[in-house]
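Undergrad: Below you will find the structure I want to go over with you.
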């Protein structure tokens, strides 16, 4: 049993956790063994388990250094391993580090012993050697370490102390107002049914006129173009690619008069068959894919040699991401990615040229659907025997199974994190910031096996270092969605790395009171609600509880209890707003309470205050209800009017907020 216990520990299978109520929960041993089996481990073969344990625990001590070495600011140190006998015998020998044309040398005796391990009576030492701050720029380097006749090649990661901060460094006083929305929720002015990059450009231009500093989007990831029912942006086919439905047909250089006429006819047809505000994905696919095909056909027949060379260059530069297409050699699919990538970049250029601090904030989903191009490309890194999800909490007391395959921690390490590098790099491009959904997954994530759940741990230090490096290389601010059951270790590490947390004010309720805005953490992207929660108007009126009862998500008794709890929350909110100098009461309209809350939060300490377009539009219907599938039309509810019209209607109110945040409004 000791051998099995060691395997469970070394493979990262959790044994307990503290739940959302602060109670320690122990995982059943039989469940933990099932999780180990889901990792491909033969739990009945003790010899194989012992060999696995040796490989993971003891064998690294017999290597001069790891295949990947993370060297972190502000106290960068090189770490090697030698047997105690070698260390004593080679006191006068030199340790040599070579990275490209950069070199460092030490005498072996200068090493500081930072750890040891005994294997078969032989003691091995971990020795660290100081390097100067800023010796290398943040990055991933091929390196060589040499001690006397021993040498090793490795990948050296030089990690900065913090992620890239831009204008939002820890001592900076910059406070911004931003917007959040799903691009698919926008009412399209010129496209077919759903918002596209042309609508995003119009939104950005209107937003910059109001001194808005960013737009946080739901994931733009590639979805399954062959199945319109799989339209959740958080269950994509590839997170490295963009969904082609977001391409603005009329903005493509290949759009001629004939294609424009087809576009206008498709738009008219959709308007006749659509049932607003519900997006009809089936019709959008049926009407828009032929238009995208027409663009590609015209490119093939009319594009200049120069334009075709630009396409070839794009394919070469983005080959890793394009390999996650269902058919990586599909020229049409590659062309669509080219167009989508260019149009998203145009959106970011518009934002930056107009003076937005961040511009676009991309959103990276926590998982990927099985059977899609990303899963198939990296199939060896996933297990087919477990899905990811979340443990029980207030909003999902039975826990959640998201139906997406789980990544194998050790497989990620064996492949030198190439997948993680490609994934985060692709999502930091074309954006001023990246929001990482369920950021706790960097350290651990809930595995669902046989309708039970257990935490599995991941190489947190390496993944965090990787994100720090890439954020500097792409000059991309990082935001971690840290809602739910979050270990204190994760909170502390993210704060030390200056990764923004993502706070939802609905959850800022403790001890019968809402938090004072001035007491909230400054390094926070603050929202009142989000895409998984009811919009404010629905929350204030308690209609989300009625809806939950209708959908059989709660019982009548639970609804009554939750309604009483909601009344307490509403009273506490009014009390907090009164303390903040706002004149509202329990009899005020939801719109008046919402504006008062925004004014109060704007005076708070959070550097990023985010307004949902749903709330500015006065929406009563949620865009997504977790725990439902066919019971509710998730990811289909659109806004009541164009985003530009919403901002024009709310112009005075938004300018009031932006002036209170940074003293200006461009109106």
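Undergrad: From the Cα trace of region 2-58, what convex hull volume per residue do you get, rounded to a whole Å³?
TA: So the per-residue hull volume is 86 Å³.
Undergrad: Could you tell me the relative contact order of region 333-408? Use alpha-carbon pairs under 8 Å, at least six residues apart, and round to a whole percent.
TA: Result for region 333-408 is 23 percent.
Undergrad: Mark the label point 7 Å from the Cα of residue 450 along Cα→Cβ and return the residues of region 36-60 whose backbone N is within less than 20 Å of it.
TA: Correct set: 36-46, 49.
Undergrad: So, how do all the Cα-to-Cα distances of region 385-516 break down into 10 Å bins, in percent, from 0 on up?
TA: Going from the shortest bin to the longest, the percentages are 11, 38, 36, 14, 2.
Undergrad: Can you compute the helix-only [θ] at 222 nm over the chain? Use -39500 (n - 2.57) per DSSP H run of at least 4 residues, normalise by all residues, nearest 500 deg cm²/dmol.
TA: Helix contribution divided over all residues of the chain: -11000 deg cm²/dmol.
Undergrad: Turning to a different aspect of this structure: Please compute one quarter of the surface area of the Cα convex hull for region 221-317 and express it in square nanometres.
TA: Convex hull of Cα atoms, orientation-averaged projection: 7.2 nm².
Undergrad: Cα centroid distance between region 361-375 and region 200-243, in Å?
TA: 13 Å
Undergrad: Using Cα centres only, tell me the gap between region 396-470 and region 526-549 in whole Å.
TA: About 28 Å separates the Cα centre of region 396-470 from the one of region 526-549.
Undergrad: Run the quick spin-label model on residue 261 and residue 415: label points 7 Å from Cα toward the beta carbon, then report their separation in nm to one decimal.
TA: The two pseudo-label positions are separated by 4.9 nm.
Undergrad: On to the next question. How far is helix 418-428 tilted, in degrees, relative to the longest principal axis of the Cα atoms in the chain, given as a value from 0 to 90 rounded to the nearest 10?
TA: Helix 418-428 sits roughly 30 degrees off the main axis of the chain.
Undergrad: To the nearest whole percent, what portion of all C-alpha pairs in region 63-159 is separated by more than 18 angstrom?
TA: So the portion of pairs separated by more than 18 Å is 43 percent.
Undergrad: Rounded, prolate or oblate: which fits region 451-519 when a ≥ b ≥ c are the square roots of the eigenvalues of the alpha-carbon gyration tensor, with rounded for a/c under 1.5 and prolate only if a/b beats b/c?
TA: Numbers: a/c = 2.61, a/b = 1.30, b/c = 2.00.
Verdict is oblate for region 451-519.
Undergrad: Take every DSSP beta bridge with both residues inside the chain and express the antiparallel ones as a percent of the total, to the nearest 5.
TA: The antiparallel proportion sits near 65 percent.
Undergrad: If one takes the longest principal axis of the Cα atoms in the chain, at what angle in degrees, from 0 to 90 and to the nearest 10, does the Cα axis of helix 556-579 lie?
TA: Once rounded, the angle reads 90 degrees.
Undergrad: Still on this model: Please report, for the Cα atoms of region 192-247, the Rg to one decimal and the Dmax as a whole number; what are they, in angstrom?
TA: 13.2, 40
Undergrad: Could I ask something else about it? Give, in nm to one decimal, the length gained when the segment between residue 628 and residue 475 is fully stretched (0.36 nm per residue of separation minus the Cα-Cα distance). Intermediate values should be presented prior to the final figure.
TA: Numbers: separation 153, 0.36 × 153 = 55.08 nm, distance 3.79 nm.
Computed gain between residue 628 and residue 475 is 51.3 nm.
Undergrad: What list of whole percents do you get for P(r) of region 347-435, with Cα-Cα distances grouped in 5 Å bins up to the one holding the largest distance?
TA: Percent of Cα pairs in each bin: 3, 12, 16, 17, 16, 13, 12, 8, 4, 0.
Undergrad: Calculate how large, on average over all directions, the projected area of the Cα convex hull of region 1-153 is; give the answer in nm² to one decimal.
TA: 12.7 nm²
Undergrad: Continuing with this model, one more query. Could you state the orientation-averaged shadow area of the convex hull built on the Cα atoms of region 150-227, in nm² to one decimal?
TA: Over all viewing directions, region 150-227 projects a mean Cα-hull area of 10.7 nm².
Undergrad: Using only the alpha carbons, work out the radius of gyration and Dmax of region 108-204 in angstrom.
TA: Rg, Dmax (Cα atoms, Å): 25.9, 75.
Undergrad: With only alpha-carbon atoms counted, please give the Rg and Dmax of region 268-349, in Å.
TA: 15.4, 44
Undergrad: Please state the shape class of region 509-667: rounded when a/c is under 1.5, otherwise prolate if a/b exceeds b/c and oblate if not, all from the C-alpha gyration tensor.
TA: Since a/c reaches 1.5 but b/c is at least a/b, the shape of region 509-667 is classed as oblate.
Undergrad: Nearest 10 degrees, 0 to 90: what angle lies between the long axis of helix 590-602 and the longest principal axis of the chain (Cα atoms)?
TA: 40 degrees
Undergrad: Continuing with the same structure: Could I have the simple spin-label model distance between residue 565 and residue 286, label points 7 Å from Cα toward Cβ, reported in nm to one decimal?
TA: 4.3 nm
Undergrad: Points 7 angstrom from Cα along the Cβ direction at residue 146 and residue 55: gap in nanometres?
TA: Taking the simple label geometry, residue 146 and residue 55 are separated by 3.2 nm.
Undergrad: Which distance in Å, rounded to a whole number, links the C-alpha centroids of region 1-79 and region 585-635?
TA: Cα centroid of region 1-79 versus Cα centroid of region 585-635: 42 Å apart.
Undergrad: Defining a contact as two alpha carbons under 8 Å apart and six or more residues distant in sequence, what relative contact order in percent does the chain show? Kindly include the intermediate steps, with their values, before the conclusion.
TA: Numbers: 1227 pairs, mean separation 106.0, N = 667.
It comes to 16 percent, rounded to a whole number.
Undergrad: Apply the a/c threshold of 1.5 to the C-alpha gyration tensor of region 236-374 and tell me whether it is rounded, prolate or oblate.
TA: Because its axes are fairly even, with a/c under 1.5, region 236-374 counts as rounded.
Quick note: the coordinates plus some simple rules give every number you see, no bench work behind them. Keep in mind that what you see is a predicted model, and the values were worked out from it rather than measured. Because the Cβ atoms are built from the backbone with ideal geometry, glycine has one as well, and the counts that use them run over all protein chains shown.
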